Amino acid sequence: MADQALSDVRVLDLSNNIAGAYCTRLLADYGADVIKIEPPFHGDPSRRTGPFPNDLPDPEKSGLFIHLNGNKRGITLDIASSAGGQILKDLVNRSDILVETFTPSYLPSLGLGYGDLESVNPKLVMTSITPFGQTGPYSNYKSTDVGVFAMSGRMYVHGLPDQAPLPYAPDVIWYQVGTTAAAATMGALFTSRVQGIGQQVDVSALEALIGNVDNRPLFYAYTGVKTPRQRWPGGIPQGAYPCRDGYVVFGVGYDLYFRRLCDAMSRPDIYQDPRWATIQARTENAEEFEAIFIGWLMEHSKGEVFQLCQAQRVMCAPVLSFEEMMQDPQLVARSFFAETDHPNIGRLPTTGAPFRMSQTPWQTGRPAPLLGEHNSTVLCDELGYSREETARLRAHGVI
C-alpha cells in the first residue's frame with residue numbers, strides 16, 4: 001500500500017478540547033505521526049467524559065477520548081515545569097506542527113509562546129484554537145459551544161418564530177471548528193515546506209462559525225435586512241414529516257420538484273389544482289395539501305418513500321436512527337465503518353474516512369493511547385533521555 005498523504009509529518013497535540021483533538025485526529029488518520037501530550041496523573045479532560053462501557057467511568061475507557069485520539073501516540077508532560085518546558089522544546093525541534101487550545105496568554109507566560117518556539121524551529125506551524133481568537137477584547141475569554149453559537153448570529157434565526165432560539169446539538173460546532181483548523185493547518189504546512197517559513201495559525205471558533213455555517217449573514221451584509229426565525233422557507237413541503245415508521249425530510253419548494261413529488265405520489269392532479277400550482281398558492285393552502293400529503297406518507301415506510309421519491313428525482317431522505325445509519329446500504333457498500341482493537345475494551349467500531357484519496361489512503365490502526373503509553377519510546381528512543389532520567393522525571397511529576 002502507498003504511503004499515506006501525511007506520513008512524513010510530525011504533529012504535537014497540546015489541545016484539551018474537541019476542536020483541537022479532532023483537528024489532529026484528521027491529520028493522524030491520513031498518516032501524520034501525532035503525539036498527544038497530556039498532563040501527568042489525570043490526563044486529558046475528555047478521559048473523564050463518557051460514554052463508558054457498562055456506564056462505569058474509567059479514564060482508559062472513555063468513548064470520547066478513544067474516538068478523538070485514535071492513530072495517535074501519547075505521552076504525559078507537565079509543560080509548566082522547567083524540565084517539561086525543555087522537553088516540549090526538544091519535541092518542537094523535531095516536529096512540523098503544534099496544535100494547542102490554551103488561552104492566548106498561557107503559553108507565553110511559560111516561555112512557550114509562538115515567538116519562543118519559533119526560535120527553536122523557524123518552520124514550525126503552530127495552530128492555536130480559541131473561542132474568540134488571539135487578539136481583541138474577548139481573546140482570553142472562555143466559552144462553550146452554545147456561547148459561540150449564540151454570538152455567531154446563527155442562533156438568532158435558528159428555531160421557530162414564536163419560541164426561543166435553539167442551539168445545535170452538543171459539540172457539533174467544535175467538530176466543525178476542528179475541521180476548519182485542520183484545513184488551515186495544512187495550508188500553513190504547505191507554506192512552511194515550499195517557502196521555508198513557519199507561522200502561527202489563529203483559529204477563532206466564532207469567526208470560523210460565522211464564515212462557513214450559514215449564508216444568512218450575507219443577506220444582512222448586503223441588504224441590511226434581519227432574517228427572522230421562521231419555518232422552512234421557500235414553499236412546501238419543507239422539513240421533516242411523519243410516515244408509517246418514522247420521519248422523512250423533504251426540500252421540495254420549487255415548482256419542478258413539487259411536480260415530481262406529485263408524480264411520486266401518483267397524484268398529478270395535485271399540481272394541476274390552482275390551490276397548489278404555485279409556491280405562493282401552496283403556502284396559502286398548506287394545511288389542505290399537508291392533510292393529503294401526510295395521509296400518503298402514513299401509508300408508506302420511510303424506506304419506501306425514499307425510493308419512490310428518488311425514482312422521481314425528488315430531494316428527500318429518511319431520518320435515520322444511529323442503528324439504522326450504521327446499517328445503511330450506502331455506508332455498508334463503501335465500507336465506511338472500521339474497527340480498531342483497544343487493549344482495555346477489545347474490538348471497537350469507529351467512523352471511517354471523511355474523504356478518500358485514490359493514491360494515499362486513509363487508515364485506522366493504532367487505538368487511542370493509554371495515559372503516558374509512549375513516554376519511554378518518545379523520550380528515550382527519540383529524544384535520547386536515559387531510563388534513569390525518565391525515572392527521575394516521573395518521580396518529580398514532570399511526566
Q. So which pairs qualify, if the first residue must be in segment 120-131 and under 13 Å from GLN200 (Cβ atoms), the second must be of a type in the set (Phe, Trp, Tyr), the Cβ gap must be under 6 Å, and the two must be at least 6 apart or on different chains?
A. MET126/TYR114
Q | Conditions (1) more than 17 Å from ARG94 (Cα to Cα); (2) in contact with a Gly (Cβ under 6 Å, 6 or more places away or on another chain); (3) crowded, with 16+ Cβ neighbours inside 10 Å; (4) without any contact (Cβ under 8 Å) to a residue 60 or more places away in the chain: number failed by PRO51 | A | (3)
Q.
So for segment 80-90 (the condition being in contact with a Lys or Arg (Cβ under 9 Å, 6 or more places away or on another chain) and of a type in the set (D, E, K, R)), does at least one residue qualify?
A. no
Q: Restricting attention to helices (runs of 4 or more DSSP H) lying wholly within segment 7-111, give those where 3 or more residues are within 27 Å of ALA183 (Cβ to Cβ) and modelled with pLDDT of 95 or more.
A: 18-29, 82-92, 106-109
**Q.** Test: residue in segment 61-72 that is touching an Asp or Glu at 6+ places or on another chain (Cβ under 9 Å), of a type in the set (D, E, K, R), over 20 Å from GLY198 (Cα atoms) and crowded, with 19+ Cβ neighbours inside 10 Å
**A.** yes
Q) Which of the residues belonging to segment 98-141 are hydroxyl-bearing (Ser, Thr, Tyr), closer than 15 Å to GLY85 by Cβ and surrounded by 16 or more Cβ atoms within 10 Å (Cβ to Cβ)? A) TYR114
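Hey, does segment 187-199 have a residue that's assigned to a loop (DSSP other than H, G, I, E, B) and surrounded by fewer than 18 Cβ atoms within 10 Å (Cβ to Cβ)?
Checking segment 187-199: at least one residue is assigned to a loop (DSSP other than H, G, I, E, B) and surrounded by fewer than 18 Cβ atoms within 10 Å (Cβ to Cβ).
Residues checked against (1) more than 36 Å from the chain's Cα centre (by Cα); (2) in the same structural domain as CYS316 (by TED's automatic domain parsing); (3) among the charged types (D, E, K, R); (4) at pLDDT 95 or above:
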residue	(1), (2), (3), (4)
ASP263	yes, yes, yes, yes
ILE270	yes, yes, no, no
ASP273	yes, yes, yes, no
ALA277	yes, yes, no, no
GLN280	yes, yes, no, no
GLU284	yes, yes, yes, no
GLU287	yes, yes, yes, no
ILE294	no, yes, no, yes
Q. Within the group TYR241, TYR257, TYR271, which residue is among the aromatic types (Phe, Trp, Tyr) and part of a strand (DSSP E or B)?
A. TYR241
Q) Going through segment 34-48 one residue at a time, which ones are closer than 22 Å to ASP96 by Cα and touching a residue at least 60 places away in the same chain (Cβ under 8 Å)? A) ILE35, LYS36, GLU38
**Q.** The listed residue being surrounded by 15 or more Cβ atoms within 10 Å (Cβ to Cβ), out of contact with any His (no Cβ under 6 Å at 6 or more places or on another chain) and assigned by TED's automatic domain parsing to the domain that holds VAL92, out of ALA169, ALA150
**A.** ALA150
Q. So which residues in segment 118-143 are of a type in the set (A, V, I, L, M), more than 22 Å from the chain's Cα centre (by Cα) and within 19 Å of MET186 (Cβ to Cβ)?
A. LEU124
Q. In this structure, is GLY178 touching a residue at least 40 places away in the same chain (Cβ under 8 Å) and in a helix (DSSP H, G or I)?
A. yes
**Q.** Hits in segment 369-388 - residues which are surrounded by 15 or more Cβ atoms within 10 Å (Cβ to Cβ) and more than 34 Å from the chain's Cα centre (by Cα)
**A.** TYR385
**Q.** Pairs with Cβ under 7 Å, 6+ apart, first in segment 312-339 and touching a residue at least 60 places away in the same chain (Cβ under 8 Å), second among the β-branched types (Val, Ile, Thr) and in a loop (DSSP other than H, G, I, E, B)
**A.** VAL314/VAL252; MET315/VAL252
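The values are calculated or read from the model by the stated rules, or taken from the named source; none is laboratory data. Bear in mind that the values here come from a model prediction, so they are computed numbers and not experimental data. Glycine also receives a Cβ, built like all others from the backbone with ideal geometry; neighbour counts cover every protein chain displayed.
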